[in-house]
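Everything below concerns the one structure shown next.
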Ligand code: SF4
């Protein structure tokens, strides 16, 4: 049964008390981080303690904007994608999730391969270059009916079916990017043959969130050690990899800093982290966390800026524009350089209450902030041009046909950013 009792996640536990810095102290810490190209743990925790104060936050945002300028110039990227929720069955029960359904729910759905083909055909007509395959985690472990559904197709795991679906997309001419929850090294090795990149939000390194009453209590796949291991294995396999931090699910400042540092350490070791999503939790009705207060806009912008300072000027820092539509200018001032995937066709199935902005509006608002919107594939130029060994040759070949010398998507017809949206 789904847990339906409302959770009361208010003041996170284990928050060490730090005094917020003065504005002058914050400016000094920020200036050093910008010059060093990274913010270390102790100064990060000190700055985090001051994020609630406007003067300190302004200093952090200004430093993050300067760091972004040094690493990314005035460019902000977006991917024109189609979202394919291959199955919304999932063995986990995250307390904030409305995506996952039980098999007897009328809204439970697993796409047929014919539906994948039809969706991809529509996406290609709309000029999309990315098929985002996003699905629940190992539903075959929890549901007999799903095991039977797979067995009827000669399959024993959802990942085997996913590989077939990605083949359908790739063969039609779109580049898959998959986020299927926890995958083994063997499964990732198979998926790299038809995926441009893979992803898994780390969400948080806090094991506390798996305690009773916390957001990940019913979620074996949200064990941070398991998620870190998958990040590590993706690095060992040299797969361009998307990670991210979820804000406001009960973690504290120390744990947020630790999460960002863990992602940075992984990239230091393997050079495979292509982007880091900083995503705020959205409370949804019918979930145990429906009454948990969302993080304020000011703190969301502050943590985006902290991500930029910790991760450094070259990392791609992404914030989904549909989750904070009134905050785009602020996010741009906080060092964001990517809006993620924005679909002209499909909703954000994870946050269906939050519509995507039209690409032309995103372009207008990005330019109004003095930035330039460019279109990317589900991989960035850094990996595509600079690390060819990170790709299956046929995947890179398909990707290279779609980009110019700079690695951004080349549009010869009517599908420039902001068109046909
Ligand atoms: S957030 Fe992901 S892992 Fe958690 S219940 Fe939803 S689909 Fe499953």
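The values are calculated or read from the model by the stated rules, or taken from the named source; none is laboratory data. None of the values given here were measured: they were computed from a predicted structure. Note: ideal-geometry Cβ built from the backbone for every residue, glycine included; neighbour counts use all protein chains shown.
If a residue has to be more than 12 Å from the ligand (Cβ to nearest atom), touching a strand residue (DSSP E or B) at 6+ places or on another chain (Cβ under 9 Å) and either in a helix (DSSP H, G or I) or within 22 Å of residue 277 (Cα to Cα) (or both) to count, how many in segment 176-198 make the cut? Here the count works out to 11. For first residues located in segment 190-212 and more than 30 Å from residue 389 (Cβ to Cβ), partners that are assigned to a loop (DSSP other than H, G, I, E, B) and lie 6+ apart or on another chain with Cβ distances below 6 Å form the pairs 204/251; 206/251; 209/215; 209/216; 209/250; 210/216.
Looking at 301, 319, which is the one that is free of Cβ contacts under 8 Å to residues at least 60 places away in the same chain, within 17 Å of the chain's Cα centre (by Cα) and under 22 Å from residue 258 (Cα atoms)? Step by step, each of 301, 319 is checked, and only 319 is free of Cβ contacts under 8 Å to residues at least 60 places away in the same chain, within 17 Å of the chain's Cα centre (by Cα) and under 22 Å from residue 258 (Cα atoms).
Can you pull out every residue in segment 117-140 that is under 13 Å from residue 180 (Cβ atoms) and over 21 Å from the mean Cα position of the chain (by Cα)? Matches in segment 117-140: 139, 140. Identification of helices (runs of 4 or more DSSP H) wholly contained in segment 70-172 with 3 or more residues that are within 16 Å of the ligand (Cβ to nearest atom) yields 139-142, 158-172.
In segment 243-256 there is at least one residue matching the filter, namely being within 19 Å of residue 137 (Cα to Cα), out of contact with any helix residue (DSSP H, G or I) (no Cβ under 7 Å at 6 or more places or on another chain) and within 16 Å of the ligand (Cβ to nearest atom). Set side by side, the residues 195, 179 differ, and just one is buried (at least 17 other Cβ atoms within 10 Å of the Cβ) and out of contact with any helix residue (DSSP H, G or I) (no Cβ under 7 Å at 6 or more places or on another chain), which is 179. Could you tell me how many of the residues in segment 248-272 are crowded, with 23+ Cβ neighbours inside 10 Å and on the phi < 0 side of the Ramachandran plot? Number satisfying all stated conditions: 8.
Tell me whether segment 220-229 contains one or more residues that are within 16 Å of the ligand (Cβ to nearest atom), in a strand (DSSP E or B), crowded, with 22+ Cβ neighbours inside 10 Å and under 17 Å from the mean Cα position of the chain (by Cα). Checked against the condition, which is being within 16 Å of the ligand (Cβ to nearest atom), in a strand (DSSP E or B), crowded, with 22+ Cβ neighbours inside 10 Å and under 17 Å from the mean Cα position of the chain (by Cα), segment 220-229 yields no hits at all. State whether the residues of segment 365-372 include one that is within 14 Å of residue 321 (Cα to Cα) and out of contact with any strand residue (DSSP E or B) (no Cβ under 6 Å at 6 or more places or on another chain). Looking through segment 365-372, at least one residue is within 14 Å of residue 321 (Cα to Cα) and out of contact with any strand residue (DSSP E or B) (no Cβ under 6 Å at 6 or more places or on another chain). Closer than 25 Å to residue 216 by Cα and either surrounded by fewer than 24 Cβ atoms within 10 Å (Cβ to Cβ) or modelled with pLDDT under 95 (or both), is that true of residue 100? Criteria met by residue 100. Taken together, the criteria place residue 209 among residues that are assigned to a helix (DSSP H, G or I), in contact with a helix residue (DSSP H, G or I) (Cβ under 9 Å, 6 or more places away or on another chain) and within 16 Å of the ligand (Cβ to nearest atom).
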